[in-house]
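Heads up: the structure comes next, in structure tokens.
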Amino acid sequence: QELMDPEAKPSAPRLPRYEHHVQPCLAELLGTALFIFTGCLAVLEEPGGTGRLQPALAHGLALAATVAVLGDI
């Protein structure tokens, strides 16, 4: 009887488990690792005049690159 009902809305297809759970977790892990890695590298050898600017730019550029690469997920 459900097939004959013209007002019945089709249900959305279920995503596979990989796309629903694993892929977003991997993207989060990769993005966080890149973010922390570049931030730590930015402050290893601090040249005299950069102060807080170098770590801030490193974190901002790492975040921009991560969003650009993993934004579709």
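The values are calculated or read from the model by the stated rules, or taken from the named source; none is laboratory data. On a predicted model such as this, the values are computed, not experimentally measured, just so you know. Here Cβ is always computed from backbone atoms with ideal geometry, including for glycine, and neighbour counts include all displayed protein chains.
Quick notes
- Evaluated against (1) surrounded by 13 or more Cβ atoms within 10 Å (Cβ to Cβ); (2) modelled with pLDDT under 80, GLY71 falls short on exactly one condition, (1).
- Applying the criterion of being among the aliphatic types (A, V, I, L, M) and modelled with pLDDT under 75 to the residues of segment 1-41, the residue that is nearest to GLY71 (Cα to Cα) is LEU15.
- Sub-8 Å Cβ pairs linking a first residue in segment 30-50 that is surrounded by 12 or more Cβ atoms within 10 Å (Cβ to Cβ) to a second residue that is at pLDDT below 75 and outside any loop (DSSP other than H, G, I, E, B), at least 6 apart or interchain, are LEU30/THR66; LEU30/LEU70; GLY31/THR66; GLY31/LEU70; LEU34/THR66; PHE35/THR66, ordered by first then second residue.
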